[in-house]
Amino acid sequence: MSDEAKYLYCIAREHEELQLGNIGIEEKMVYTIAQRDVAALVHSCPPEPYNTGDKALAEGWVLEHSYVIDQAMKKFGTVLPFSFDVIIKGNDDVIREWLDRNYERLQKELERLADRAEYSVQIFYDYDRYASKVLSGNCDLLALKEKIDEQSRGKAYLLQRNLDLKLKDAVSSNVEKLAEQFGLEIGSIADEVKAEERHSFVPEKYKDKKLMATFSCLVHRDNVDVLGLALEKINCLDGLAVRFTGPWAPFSFVDTGGV
């Protein structure tokens, strides 16, 4: 069994074999292996995964992986990114053979994603403001609130808990409808939109707000400013804040096939 392997970063449209420098994980030399007019960006490594119990080291590897892909986007434009720790056993010829077998599919994917990048949209809301709005517009909840003021301390406490729960449910329902509406607005501009269930990193400046929705968006470069203007309108709405980041390689939308 060969003790040689290649760590894959991404696929780009390139017919030449180039050295990109020691920019890879742990300063490995990153270079391209080309087949016709597509190329894989790789570094040489042992045929084993990058495993460690050191969280900081693992996070550093992921950042270095992302850095190479960012540099590839700057140099080659559209790329098909691989997730962290994709390794193929064998030498450069094995990679060329894989590129040749998958050439048509990779070409179609590069064409589909041409001039497009991934952007992340996070929409936050101020719970207290929304709760106040919902309460002021709900006759049943207002009646319950007025009733609390007339009760003894013990009964008032129980009624307040009931009000808080009902208000929380009402706010959640309101927020879900808004998130759906904003998703449709974003979807009318982006090529593709995915509502993310797993919440991504939230910066400190938004810690006092609740996350309404997170969207991953595939956007053509001609529509980025249009999307930015639409998000600015949302950002200006009372009690809302929008975080718009990118461009990133289209991790959420790419199909690199089986490796």
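Take A40 and tell me if it is in contact (Cβ under 8 Å) with a residue 24 or more places away in the chain, surrounded by 14 or more Cβ atoms within 10 Å (Cβ to Cβ), touching a helix residue (DSSP H, G or I) at 6+ places or on another chain (Cβ under 6 Å) and of a type in the set (G, A, S). So A40 fits the description; yes.
Only one of the numbered conditions (1) of a type outside the set (A, V, I, L, M); (2) more than 19 Å from the chain's Cα centre (by Cα); (3) surrounded by fewer than 16 Cβ atoms within 10 Å (Cβ to Cβ) is violated by E192, and that is (2). Under the condition of being hydroxyl-bearing (S, T, Y) and surrounded by 17 or more Cβ atoms within 10 Å (Cβ to Cβ), the residues counted in segment 61-93 number 1.
Which residue out of R105, R96 is of a type in the set (K, R), over 21 Å from G21 (Cβ atoms) and either outside the structural domain of L18 (by TED's automatic domain parsing) or buried (at least 16 other Cβ atoms within 10 Å of the Cβ) (or both)? Criteria check complete, one pass: R96. Annotation for segment 52-60: at least one member residue is surrounded by 14 or more Cβ atoms within 10 Å (Cβ to Cβ) and over 18 Å from P247 (Cα atoms).
The values are calculated or read from the model by the stated rules, or taken from the named source; none is laboratory data. Just so it is clear, the model here is predicted, and its values are computed rather than measured. Here the Cβ is made from the backbone with ideal geometry for all residues, glycine too, and neighbour counts use every protein chain on show.
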